[in-house]
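The block underneath contains the structure these notes are about, expressed in structure tokens.
What follows draws every value from the coordinates through simple rules; no lab data is involved. What you see is a predicted model; the values in this text were computed from it and never measured. All Cβ positions, glycine included, derive from the backbone under ideal geometry; neighbour counts span all protein chains shown.
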Amino acid sequence: MDEEGRVMSADDVPKESSFEGRLQLKNFMFTGASQDASSSSPRRSQRLFTPQSAASPQRSASATPGSPSKSKKRKAQTETSEVDDDVPGKKTRGRKGTPTAPSPSPKKRARPSSSYAPPSTYAHLPTLPDAVAPNLLILTIGLNPGLQTARTGHAYAHPSNLYWKLLYSSGITPVPCRPSEDRDMPARYAVGHTNIVARPTRNGAELRRAEMDEGVAALDAKCRRWRPEVACVVGKSIWESVFRVRHGRALAKGEFAYGWQEGERMGAVVGGGKGEGEGEEDGEDGEEEPWEGSRVFVATSTSGLAATVRPEEKERIWKILGDWCVKRRKEREDAAAKSASAEDI
């Protein structure tokens with residue numbers, strides 16, 4: 001009986017739903033002509049039953065000996081095209097050693113061999129005259145004039161240079177001095193200056209070592225002529241040139257130290273004789289009295305570009321020379337006073 005009360009027959013009772021009752025899959029299976037119509041096995045692909053040797057003629061033809069496959073050709077082309085262009089202009093090889101043609105590459109920029117500047121570079125700038133006189137306590141020897149020094153005509157004129165500051169802080173000059181006073185230094189404080197190379201440059205790197213070596217003889221001649229008590233070499237590189245010319249070799253490791261160079265003298269005259277740079281052109285006969293020469297003191301460079309030595313260390317080294325200068329100046333003053341009093345008597 002349904003919901004409305006009617007009596008249902010056996011045919012009216014709904015059957016339980018199932019997939020098999022709705023769709024008969026076996027009715028859609030394909031059976032080959034050679035198979036029995038009653039067979040229910042599904043059709044299989046013929047390729048599954050074909051032996052490997054019976055492949056298609058096109059595929060078997062590409063795998064025949066003597067004709068490389070596409071994959072091998074592609075690999076060979078890749079190996080040939082991969083070149084190493086680290087070295088431009090040379091014949092290169094692939095990863096497997098296959099010779100290839102050189103690949104185009106940009107030309108290398110020509111690097112300058114050094115920062116050397118020939119004399120013509122700054123030929124328009126004047127050289128710096130020496131500030132020298134007889135009876136000097138100290139003759140400072142610099143490298144060469146900088147550009148600002150050459151333009152102004154006064155020694156150590158660049159604001160970053162510590163020359164004038166170190167002269168005062170060490171006691172070599174009792175008062176601070178300026179570059180414009182460089183010509184008055186010999187008369188006022190018995191301090192003069194010169195350089196190992198006369199021509200100006202932007203920095204020391206623009207000079208050649210040969211130029212510095214050639215200037216050593218001129219330094220000896222100046223010391224021999226003016227006979228300062230001390231030749232103060234302002235910078236290690238200058239002393240390296242002097243040492244190299246004198247001893248025929250470079251300074252050995254551990255052989256150098258700033259300060260007094262014991263056993264070294266500049267401009268010494270052994271016995272009576274004619275000194276370098278002296279003679280008829282100076283109105284003299286060239287005969288000189290024996291002289292032991294100037295003592296040598298190597299101080300640090302005063303250039304603002306020289307930063308290998310700390311400022312406090314520079315002051316300490318210059319103070320050694322300054323203490324000697326103060327003491328020696330006092331001795332001179334006492335000797336002059338004693339001589340003046342003896343004359344009055």
*Quick one: how many lysine pairs in region 119-344 have C-alpha atoms under 27 angstrom apart, if they're 8 or more apart or on different chains?*
24
*Which of the peptides 177-186, 223-232, 254-263, 336-345 is most tightly packed, and how do the rest follow, going by the mean number of other Cβ atoms within 10 Å of each residue?*
223-232, 177-186, 254-263, 336-345
*How many nm is it between the label spots at residue 208 and residue 338, if each spot is 7 Å from the Cα in line with the beta carbon?*
5.3
*Specify whether the C-alpha gyration tensor of region 119-344 places it in the rounded, prolate or oblate class, a ≥ b ≥ c being the square roots of the eigenvalues: rounded for a/c under 1.5, otherwise prolate if a/b is larger than b/c and oblate if not.*
rounded
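How high is the relative contact order of region 119-344, given as a whole-number percent (alpha carbon pairs under 8 Å, six or more residues apart)? Write down the numbers at each step before the final one.
Numbers: 386 pairs, mean separation 54.3, N = 226.
It comes to 24 percent, rounded to a whole number.
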*Under a plain spin-label model, where a point goes 7 Å from the Cα along Cα-to-Cβ, how far apart in nm are residue 315 and residue 256?*
2.5
*Would you work out which of 195, 309, 221 lies farthest towards the positive end of the dipole of region 119-344? Charges go on Cβ: Lys and Arg +1, Asp and Glu -1.*
309
*When the label point is put 7 Å from the Cα of residue 127 along its Cα-to-beta-carbon vector, which residues of region 153-175 have a backbone N closer than 19 Å?*
153-157
